[in-house]
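In what follows, a structure is listed as structure tokens, so that the remarks can point back to it.
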Amino acid sequence: MLAGVGVIVAGVALQRLIFRLCKINRKYQAQILQYHGTYVVEYPGGYSRDKVVVHLSQEFSRKPHGDGKVEASIDDYWRERVKANPSMFNATKLRYSDSEIVYGEKGSTLHLSLWLTDYKTYIGGDFTEHSQRMADDGLKDFGDPYAHKARKIGVACLMTTKDDRIILIRRSKAVAVEPGKIDCVGGHPEPSEIGWKVDTDVSEDVGLAGRVINELFDSTRKEGRDEVGVDIDCLQDPILLGANILAPPKSAVSMTFLVKCEMTSENVKKIYAQGPPEAFESTQILCLPVRQLLDLISHPSTDNALSQDSENLRISDMTISLRGSLFLLARYFRAVD
């Protein structure tokens with residue numbers, strides 16, 4: 001019953017976002033679509049970094065829960081997870097609050113409202129036994145089911161090769177979320193990399209917003225280097241296609257980027273076989289034909305399989321983020337073809 005309520009709650013909050021995104025321009029409307037367990041926010045045509053504007057304000061921060069027991073459950077659950085998996089560690093992350101497409105005489109710009117959160121609050125808030133109550137109380141008290149949630153931002157890097165294949169990996173058992181699933185290259189923008197700390201005075205750091213944009217885009221190429229081993233110089237500048245927003249009581253947001261690699265899939269596989277810097281995060285690399293993979297994604301009502309290297313890849317084998325990201329890529333290709 002509660003799971004059903006969570007889906008309804010997401011619909012209420014996201015309808016407001018749909019209105020803000022779609023109200024300005026009829027031809028190039030941003031859309032929110034539901035696809036296989038995620039809400040997909042499409043940024044039509046994609047956005048390069050020079051077309052993105054970031055707004056930073058503490059008003060976009062998470063609101064602590066009023067019940068001390070519920071709030072304390074975040075720390076309690078985190079300690080349990082770290083005890084079970086000592087490789088887990090806490091770090092600051094970007095928090096997603098909102099996005100809006102603004103149209104002007106010179107075209108459109110994508111505006112992102114962001115703040116800080118951390119990985120502990122994401123794990124503790126999204127997976128604790130009080131997770132649903134946080135969503136329900138957020139809606140009741142603030143009109144926002146995500147008010148008490150971390151809403152940490154991850155990046156999904158859809159890396160395509162010169163021979164029109166997409167690089168995917170199988171997540172290892174060492175990762176905290178969806179171990180063993182097929183995923184694209186991905187990770188997190190790191191505020192610490194650009195000097196943004198919890199006590200940073202945003203009003204005094206006039207260059208911070210620009211550094212946040214660069215970290216958001218650059219982190220996708222860094223993940224290509226760290227998870228697969230591809231040199232950053234072989235990866236073109238990313239294009240932001242949209243975001244995948246998990247329905248409450250979950251809260252993670254994954255920003256999807258298209259990154260073109262100037263290498264063939266065979267060369268990428270050879271580099272991966274040598275052992276990337278973060279080899280512990282994956283156990284396998286897959287290089288799948290773009291069109292065949294997107295055709296598989298375009299038929300979500302059936303669990304058809306794509307055969308690759310004597311394996312059958314199904315939608316159910318994919319992470320939620322990958323499903324939504326491939327859906328965005330399919331829509332992007334249809335728009336630009």
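The values are calculated or read from the model by the stated rules, or taken from the named source; none is laboratory data. None of the values given here were measured: they were computed from a predicted structure. Methodologically, a virtual Cβ is constructed for each residue, glycine included, from the backbone with ideal geometry; neighbour enumeration extends over all protein chains shown. Note: accessible area is taken over every heavy atom of the protein model, side chains too, but ligands, DNA and RNA are not part of it. Shrake-Rupley method; radii C 1.70, N 1.55, O 1.52, S 1.80 Å.
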accessible surface per residue for segment 264-303, probe 1.4 Å, DNA/RNA/ligands not counted, whole Å² -> 54 Å²
Counting helices only, and only those DSSP H runs with n ≥ 4, report the 222 nm mean residue ellipticity of the chain as the sum of -39,500 (n - 2.57) divided by its residues, in deg cm²/dmol to the nearest 500.
-10500 deg cm²/dmol
Summed residue charge, Cβ within 11 Å of Pro289's Cβ, Lys/Arg positive, Asp/Glu negative:
-1
Using a Förster distance of 41 Å, the FRET efficiency for Glu129-Ser172 (Cβ separation, nearest 0.05)
0.95
Could you please state how large a percent of the accessible area of the chain is carbon and sulfur, counting protein chains only and using a 1.4 Å probe?
50 percent
Å³ per residue of the Cα convex hull, for the chain?
146 Å³
Averaging sequence separations of C-alpha pairs under 8 Å and six or more residues apart, then dividing by the length of segment 60-195, give the relative contact order as a whole percent.
24 percent
Expressed as a whole-number percentage, the relative contact order of the chain with C-alpha contacts under 8 angstrom and at least six residues apart is 22 percent
Mind checking segment 47-107 for chymotrypsin sites (Phe, Trp or Tyr not before Pro) that DSSP puts in a loop (not H, G, I, E or B) and that have at most 10 other Cβ atoms within 10 Å?
Phe89
Sequence-separation-based contact order of segment 146-252, relative, with Cα cut under 8 Å and 6+ spacing, percent:
29 percent
Just to confirm, what accessible area per residue do you get for segment 62-141 at 1.4 Å probe, in whole Å²?
48 Å²
Per-residue counts of other Cβ atoms within 10 Å, averaged by peptide: what ranking do you get for 249-260, 126-137, 212-223, highest first?
249-260, 212-223, 126-137
